[in-house]
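Participant: Please read through the structure below; I'll follow up with questions.
The values are calculated or read from the model by the stated rules, or taken from the named source; none is laboratory data. Please read all numbers here as calculations on a predicted model, not as lab measurements. Here Cβ is always computed from backbone atoms with ideal geometry, including for glycine, and neighbour counts include all displayed protein chains. The area values use the complete protein model at the heavy-atom level, side chains included, leaving out ligands, DNA and RNA. Shrake-Rupley method; radii C 1.70, N 1.55, O 1.52, S 1.80 Å.
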Amino acid sequence: MRMRMLVRVCIISFLIFVLMIFSHSTPEDENEPIKDQNSATPPKIDYSIQDDQKEETTRPDEGLSVYIGKNSETLIKDYGKPQRIDPSAYGYDWWIYKNFAGTYMQVGVSQKKVVTIYALGNQLNVSPYTIGQSVADIFRSTIMEAEITISTDEGAYRFELSEEDLNLRPLVPLGNIFAQLSIDKYTGTLTSIRFFDTKTLITQKPYELLYNGHLLEPENPGREEWKEIEEGSKQQIFDITNIIRERFDLITLKWDETVSAVAYNHSQDMANHEYFSHDSPEYGSLAERLDAQGIEYDAAAENIAKDYIDGPAAVEAWLNVEGHRKTLLDKDYTNLGVGVFQKYYTQNFIKTE
């Protein structure tokens, strides 16, 4: 079993290393790649490490993960009140913290209890990891499992991670909580991290899930509730996009309400008519949709996504797809509009003089 796991880890490490060498991280000039200010030169990977030399990762006694399960008053005492509170589709509210550079995080609070944390800021303590840490360092110290089993009073649950999951968003048990690592495959570094309590992880089902017992399901929001969730999600996507651009020394995009309306209409149109494309059967291409609203621009591009658990997950996915990444990190765009309809997500970028 250990030998099979060693082979699996080596293969995954090798795949990521190959991606780091051959992937293009710049939308403009391949000879002058955009540099992620969080990352160092992609490292060479030492394949000699044995799984039995690694230790099971335990819950840290410092950093953000210690707040999982604690009363939200503890968070307020240490970090102050959030800059914004957004509802989610999973029964908790997102407390948004972005009061100074490098601190962006979303803290999920349900009934005054912290149940999940999404951390993107590179000045945050996300022990036992660090934002910008190389994947080689992570794989040297962490046992990655393709199957993770959880037993609760309500049933037994087994998450099955695909090869892509293990490469880009592995799940790591930390004692009685869990960490989901988001890997930027183009730089080979940790771009963000989520901490979950058990119930929240099972309810969100971010991986293939087999279970025996009661399946935990979130309540289905009504339309008015969805409107509030969508408003929060579009702002989260906007904030996260700019934080990622700042890592690459790119200009901060301006919020564009008119362009946002175009993006929202496209997300709603895709959901209502059950298609997934940049071209609407009724309203046409992005250029046609922008022109119909009288929006002036020199260049425009669009990212779309669907069925991700929330806005942050959609942005992380865009970052790891070459075409979407190219748009997200294009140095020439000046304005951004975001439209979210339930779990359909649209970003419209434009360049103005």
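Participant: Above 17 Å lies some portion of the pair distances; for region 62-106, what is it as a whole percent of all C-alpha pairs?
Facilitator: Of all Cα-Cα pairs in region 62-106, 34 percent lie more than 17 Å apart.
Participant: Then there's this: Can you list residues whose amide H is under 5 Å from GLY108's amide H, if they're 5+ apart or on another chain and H is modeled 1.01 Å from N?
Facilitator: TRP95, VAL115, THR116, ILE117, TYR118
Participant: In Å², what does the accessible area per residue of region 88-153 work out to with a 1.4 Å probe?
Facilitator: Heavy-atom SASA per residue in region 88-153 reads 38 Å².
Participant: Let me ask another. Quick one: accessible area per residue over region 206-353, 1.4 Å probe, rounded to a whole number of Å²?
Facilitator: On a per-residue basis, region 206-353 sits at 47 Å².
Participant: Related question: Starting with the highest mean, order 66-79, 128-141 by the number of other Cβ atoms within 10 Å, averaged over the residues of each peptide.
Facilitator: 128-141, 66-79
Participant: Which sequence of LEU174, LEU168 reflects their accessible areas, 1.4 Å probe, from the largest down?
Facilitator: LEU168, LEU174
Participant: Using amide H atoms built in the peptide plane, which far-off residues or other-chain residues are under 5 Å from SER280 H to H?
Facilitator: Long-range HN contacts for SER280: SER285.
Participant: From Cα coordinates alone, what are the radius of gyration and Dmax values for region 56-189 in angstrom?
Facilitator: Gyration radius and largest Cα-Cα distance of region 56-189: 15.5, 42 Å.
Participant: I've got another one for you. What are the semi-axes of the equivalent ellipsoid of region 215-279, taken as the square roots of 5 times the eigenvalues of the Cα gyration tensor, listed largest first and rounded to whole Å?
Facilitator: Output for region 215-279: semi-axes of 26, 18, 12 Å.
Participant: Which percent of Cα pairs goes in each bin when the distances of region 246-353 are cut into 10 angstrom slices starting at zero?
Facilitator: Once binned at 10 Å, the Cα pair distances of region 246-353 give 15, 50, 31, 3.
Participant: If you don't mind, another one. Accessible area of region 241-353 with a 1.4 Å probe: how many percent of it is carbon plus sulfur?
Facilitator: Reported share for carbon and sulfur atoms: 45 percent.
Participant: Ratio of Rg to Rh for region 146-224, alpha carbon only, Kirkwood?
Facilitator: When Rh is taken as the Kirkwood radius, the ratio is 1.02.
Participant: OK, next. Can you sort GLU145, GLU257 by 1.4 Å-probe accessible area, starting with the largest?
Facilitator: GLU257, GLU145
Participant: Kindly flag which residue pairs out of LYS113/LYS343; LYS205/LYS234; LYS199/LYS227; LYS81/LYS306; LYS113/LYS185 have an alpha-carbon separation exceeding 30 Å in this structure.
Facilitator: LYS81/LYS306; LYS113/LYS185, as the Cα separations exceed 30 Å there.
Participant: With every protein chain left in place, what is the accessible area of THR57 in Å² (1.4 Å probe, nearest 10)?
Facilitator: Taking all protein chains as shown, THR57 has close to 30 Å².
Participant: For ILE76 and LYS112 in the same chain, what is the full-extension length gain: residue separation times 0.36 nm, less their Cα-Cα distance, in nm?
Facilitator: Stretched fully, the ILE76-LYS112 segment lengthens by 11.9 nm.
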